[in-house]
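Engineer: The structure's right below; bear with me while I get my questions together.
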Amino acid sequence: MEATRLKRIEKVTDMAAVSGRLASEGKSIGFVPTMGYLHEGHLSLAREAGKENDVVIMSIFVNPAQFGPGEDFDSYPRDLERDAELAEKAGVDILFHPTPEEMYPENSEIRILPGRQADVLCGASRPGHFDGVLKVLTKLFHLTMPERAYFGQKDAQQLAIIETFVRDYNFPLEIRRVPTVREEDGLAKSSRNVRLTPEEREQAPAIYESLQQGARMFRESGDPDLALGTLRKSLGHIPGAETDYAEILEYPSLRPLSASSREAIIAAAVQFSGARLIDNILVNLEGKRS
Ligand code: AMP
């Protein structure tokens, strides 16, 4: 088989022309949106896309619209050349990496607003964040015309909001969930992990350990308040880290848990000196609550 050569595209018009041609040839497109500085989490999305589609398009775009004032847009890690090599090895066929000016030539006055699902967790801490996510994805979905788009469960709130958006607004594509990829010590892979000091990197696996303790307590007791107490206490003991939030909610609605809830999310965000990290565990409640 001929080795694939990664095609790189920067212009919106070129991207639309290429995906239009692929679609007219009957090729299925799998799309993997990212902000780059690729790690094994992103690459697992690309590999999944490769298994299920004729062509894999990955976007790398640090989207200014989803960063608030004072957040890390400027310092977000970037390395396009390294990313291109990794993407090609993971089976990506087309890398779309527009500039912010190319994506947002004018400041559109049209707003796309998520609903109640964005009022909690990261949406509560980062006002407007998910507006920016929906804005860029609407553009990217139109430009890449995917049959399937791949998202990580690491960003579970984002995934839940996107599933709702795509369903409610009839985007002609399927959202595929991909499990969180972790370091050997349990820390969820994240482009922001490079912003941790060596000491913080040593402490960071305690986020997942705390979530696991909370999940264990929840499974054993069935009591979300007890589990939340365990989780918050454990997070509170991480040196140099401040808990932004720790919550247990119904998933994917992100409403409070009720007797009819079928799945729960146990989620936390923790602020270290140079990086805010998020992680979560989903707990299946089927047959557990009545
Ligand atoms: P980002 O570049 O952080 O915006 O992430 C791009 C995509 O990769 C999103 O769908 C994320 O949920 C997914 N992703 C990020 N980290 C991981 C991970 N550790 N495991 C699986 N997917 C991930």
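The values are calculated or read from the model by the stated rules, or taken from the named source; none is laboratory data. For clarity, every value in this text was computed on a predicted model and none was experimentally measured. Neighbour counts are summed over all protein chains in view; Cβ atoms, including those assigned to glycine, are modelled from backbone coordinates with ideal geometry. Side chains included, ligands, DNA and RNA excluded: accessible areas come from the protein's heavy atoms. Shrake-Rupley method; radii C 1.70, N 1.55, O 1.52, S 1.80 Å.
Engineer: Give me the tail of P(r) for the stretch 1-47 as a percent: Cα-Cα pairs with distance above 15 Å.
Structural biologist: 62 percent
Engineer: Taking H placed 1.01 Å from N in the peptide plane, check which residues at least 5 places from residue 8 or on another chain put their amide H under 5 Å from its amide H.
Structural biologist: For residue 8, whose amide H was placed from the backbone, the distant partners under 5 Å are 95.
Engineer: Then there is this: Using 0.36 nm times the number of residues separating residue 167 and residue 245, minus their current alpha carbon distance, what extension gain do you get?
Structural biologist: On the way: separation 78, 0.36 × 78 = 28.08 nm, distance 2.82 nm.
Net length gain for the segment: 25.3 nm.
Engineer: While we're here: Taking amide hydrogens as modeled 1.01 Å from N in the peptide plane, which residues meet the under 5 Å criterion relative to residue 182, leaving out close sequence neighbours?
Structural biologist: 189
Engineer: Per-residue HN-Hα couplings for the stretch 101-114, Karplus 6.51 cos²θ - 1.76 cosθ + 1.60 at θ = phi - 60°, whole Hz, x for Gly and Pro?
Structural biologist: In residue order, the calculated couplings are 5, 5, 6, 10, x, 9, 7, 4, 8, 6, 10, 10, 10, x Hz.
Engineer: May I ask for the equivalent-ellipsoid semi-axes of the chain, computed as the square root of five times each C-alpha gyration tensor eigenvalue and listed largest first in whole Å?
Structural biologist: Result for the chain: semi-axes of 33, 21, 19 Å.
Engineer: Taking Cα atoms of the stretch 219-261, Rg/Rh with Kirkwood Rh, to two decimals?
Structural biologist: Radius of gyration over Kirkwood radius for the stretch 219-261 works out to 1.04.
Engineer: Taking the Cα centre of the stretch 1-89 as the origin and placing charges on Cβ (Lys, Arg +1; Asp, Glu -1), which of 86, 34, 56 is farthest toward the positive end of the dipole?
Structural biologist: Value: 56.
Engineer: Turning to a different aspect of this structure: I'd like the carbon and sulfur percentage of the solvent accessible area for the chain, probe radius 1.4 Å, heavy atoms only, ligands and nucleic acids excluded. Provide the component values of the computation, followed by the final result.
Structural biologist: Details: 6920 of 14250 Å².
In the chain, the share of accessible area belonging to carbon and sulfur is 49 percent.
Engineer: A further question on this structure: With θ set to phi - 60°, apply the Karplus curve 6.51 cos²θ - 1.76 cosθ + 1.60 along the stretch 240-255 and write out the HN-Hα couplings as whole Hz, x wherever there is a Gly or Pro.
Structural biologist: Here the 3J(HN,Hα) series is x, 10, 10, 6, 7, 8, 9, 9, 10, 9, 6, 10, x, 5, 6, 8 Hz.
Engineer: If you don't mind, there's one more thing I want to ask. Distance in nm between label sites at residue 109 and residue 80, each 7 Å beyond Cα in the beta-carbon direction?
Structural biologist: In this crude spin-label approximation the distance works out to 3.3 nm.
Engineer: May I pose another question? Which whole-Hz couplings ³J(HN,Hα) result when phi for each residue of the stretch 58-63 is put into the Karplus expression 6.51 cos²θ - 1.76 cosθ + 1.60, θ = phi - 60°, listed in order with x for Gly and Pro?
Structural biologist: 10, 9, 10, 7, 7, 7
Engineer: Restricting the count to DSSP beta bridges whose residues both fall in the chain, what percent are antiparallel, rounded to a multiple of 5?
Structural biologist: Numbers: 18 of 37 bridges.
Of those bridges, close to 50 percent are antiparallel.
Engineer: Let me ask something else. Ratio to report: Rg/Rh of the stretch 32-72, with Cα atoms as the point set and Rh obtained by the Kirkwood method; give two decimals.
Structural biologist: Ratio of gyration radius to Kirkwood radius: 1.10.
Engineer: Mean 1/r over all different Cα pairs, inverted: what Kirkwood radius does the stretch 248-290 give, in Å?
Structural biologist: Taking the inverse mean of 1/r over all distinct Cα pairs, the stretch 248-290 comes out at 11.3 Å.
Engineer: Between residue 40 and residue 72, what is 0.36 nm times their sequence separation minus the Cα-Cα distance? Round to one decimal in nm. Don't skip to the end; give the middle numbers.
Structural biologist: Values: separation 32, 0.36 × 32 = 11.52 nm, distance 2.18 nm.
Taking residue 40 through residue 72 to full extension adds about 9.3 nm, to one decimal.
Engineer: What number comes out for accessible area per residue over the chain if the probe is 1.4 Å? Units Å², please.
Structural biologist: Value returned for the chain: 49 Å² of accessible area per residue.
Engineer: Let me ask something else about it. Which value at 222 nm does the chain reach when only helices count, each DSSP H run of 4 or more adding -39,500 (n - 2.57), with the total divided by all residues and rounded to the nearest 500 deg cm²/dmol?
Structural biologist: Working: 10 runs with 110 residues, N = 290.
So the calculated ellipticity at 222 nm is -11500 deg cm²/dmol.
Engineer: What are the equivalent ellipsoid semi-axes of the stretch 1-104, built from the alpha-carbon gyration tensor (square roots of five times its eigenvalues), in whole angstrom, biggest first?
Structural biologist: In descending order the semi-axes read 24, 17, 11 Å.
Engineer: At a temperature of 20 °C and a viscosity of 1.002 mPa s, determine how fast the stretch 45-186 diffuses translationally according to Stokes-Einstein, using the Kirkwood radius over alpha-carbon pairs as Rh; express D in µm²/s, rounded to the nearest whole number. Intermediate values should be presented prior to the final figure.
Structural biologist: On the way: Rh = 16.4 Å.
For these conditions, the coefficient is 131 µm²/s.
Engineer: Would you mind giving the three semi-axes, in whole Å and largest first, of the ellipsoid equivalent to the stretch 126-271 according to its Cα gyration tensor?
Structural biologist: 29, 21, 13
Engineer: Moving to a separate point now. Straight distance only, please: which aspartates and glutamates reach the Cα of residue 135 with their own Cα at less than 12 Å, same-chain residues fewer than 8 apart left out?
Structural biologist: Excluding near neighbours in sequence, the set is 109.
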